[in-house]
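Remarks on the structure that follows.
Just so you know, all these numbers are worked out from the coordinates, no wet-lab data involved. Not measured: the values here are computed from a predicted model. Positions of Cβ are backbone-derived with ideal geometry, glycine not excepted, and every protein chain shown enters the neighbour counts.
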């Protein structure tokens, strides 16, 4: 039977050395009331200590503010982090980078499918996701730092299945789940009415319950028995041991705004023509070039950062409905929220679970994806997951990039502060960022160009001044922006010389014009 307790009582249930699964995704669904209670108890008692944290996309607002998983950063509280993405909670990422927490970073799809495997009493997850990337045991085996290597723990194994390579990620028990929903009824059934995402909370609850652990759910409010429609019960009371009612300030819908946005949860629809268009600049130029790759009726995915601008430009041009938008966090259709609020969509047609979404991605749902890139090397490999001691993890990047027939990587050509303008339909590079993104060899392989060549993927690398294509032997420059000098502005800013197409073209000049590009009339 579900018990209703305080957050401090819930924190007292966690033992030293427990493996603790936590829900949420980036700016959304963080059980902050529970995190705050755990942090208070640890500060007062130094317990619970040496926890293993299991998470998908760690919650936070991308700053060091006391939000999300950042609340658990006290030295000694977390011993090991077993996660897909850390960037939203920089304090934990810093501790992994400083070798103070043993870090394992896995593809998001592997993390969520492991929850299902654990819940089902299965030995683990068998998949090709991660082959030839840093997740492959022949490369780094998901270990993010020396502390993880010193543990001697194997979180992934290479296997031969009927002559085909595959990776096996073994199951493990999880002792505690800290999750959240919107309402709990008097029996402990949990709904997700006001949440922007459906998340992986049910899968985590099932994994922990079937491991013999305890499931603790934070909710906005408690309602009368039977008042939640059966189709809205996301987590049945049979899986819930304890419920904690949160204070409103620690149960916001998301970190991007203090106000509840019903257009994100699907409760209402907002006119999207009221959404402000992107300002002209590097991000918009790249997003515009990406939009030109769209074709009618394709199912696409957008990554965080510059790629999310594809949705904004498509909405501005009045062609958003031509393609079916999908986010790895679950929303299908609608216009993605940009910035801190990324992962939700305005006016989604459906909000699938993260687990179901990544099942569909792995199996080939997507026709095309737009993803970010931090480093690109001469072979065409891409790094988004680790830079020196700064470890972010891949999130869903590997699942998406390995399973989609056409992949468009999008990034500014150089790193750091730049001064780039558009004048008279041309790109005016007044001052470049000091960092080089096109380097001989990436620091970590998040996307394997060799794997892409084997599977026959079409791969583009789109920047504000140049477009490249993956070919045999490397990457080939195929387009340059009007107004740029090939030697000075492109080849002179790369640490290797790319192949150059014989029919090198100028990028579509509409990209660099004020006003709309007129795509709705095409």
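One table, with the values for the structure above:
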quantity: Beta bridge orientation in the chain: antiparallel %, DSSP, nearest 5; calculated: 45 percent
quantity: Cβ-Cβ FRET estimate between residue 245 and residue 15, R0 fixed at 41 Å, reported to 0.05; calculated: 0.95
quantity: Rounded to 5, percent antiparallel among DSSP beta bridges of region 274-515; calculated: 55 percent
quantity: Difference of contour (0.36 nm per residue) and Cα-Cα distance, residue 166 to residue 503; calculated: 117.4 nm
quantity: At R0 = 51 Å, FRET efficiency that the Cβ-Cβ distance of residue 223 and residue 439 yields, to 0.05; calculated: 0.40
quantity: Label-point separation, residue 44 to residue 424 (7 Å along Cα→Cβ), nm; calculated: 7.0 nm
quantity: Viscosity 0.890 mPa s, 25 °C: Kirkwood-radius Stokes-Einstein D of region 337-385 over Cα pairs, µm²/s; calculated: 180 µm²/s
quantity: Euclidean distance of C-alpha centroids, region 213-242 and region 484-522, integer Å; calculated: 53 Å
quantity: Efficiency of FRET from Cβ geometry, residue 521 and residue 232, R₀ 56 Å, rounded to 0.05; calculated: 0.85
quantity: Cα-based equivalent ellipsoid, region 3-248: semi-axes from gyration tensor eigenvalues, Å; calculated: 29, 22, 15
quantity: Sum of -39500 (n - 2.57) over DSSP H runs of 4+, divided by residues of the chain (222 nm, nearest 500); calculated: -5500 deg cm²/dmol
quantity: Helix 282-291 vs. the chain, principal-axis angle (Cα, 0 to 90°, nearest 10); calculated: 90 degrees
quantity: Value of Rg to Rh for region 270-327 (Rh from inverse mean 1/r over Cα pairs, i.e. Kirkwood); calculated: 0.93
quantity: Extension gain (nm, one decimal) between residue 3 and residue 139, 0.36 nm per residue minus Cα-Cα; calculated: 44.3 nm
quantity: Inter-label distance for residue 158 and residue 128, nm, one decimal - labels placed 7 Å from Cα along Cα-to-Cβ; calculated: 1.6 nm
quantity: Ranked packing of 82-90, 302-310, 431-439, 335-343, most packed first, by mean Cβ within 10 Å; calculated: 82-90, 302-310, 335-343, 431-439
quantity: Packing-based exposure ordering (other Cβ within 10 Å, fewest first) of 202, 494, 159; calculated: 159, 494, 202
quantity: Added length on full extension, which subtracts the Cα-Cα distance from 0.36 nm per residue, residue 389 to residue 146; calculated: 86.4 nm
quantity: Region 85-154 - Rg (one decimal) and Dmax (whole number), Cα, Å; calculated: 13.1, 36
quantity: Distance between region 334-384 and region 23-46 - C-alpha centres, whole angstrom; calculated: 27 Å
quantity: Burial ordering of 222, 398, fewest other beta-carbon atoms within 10 Å first; calculated: 222, 398
quantity: Ranking of 423, 479 by count of other Cβ atoms within 10 Å, fewest first; calculated: 423, 479
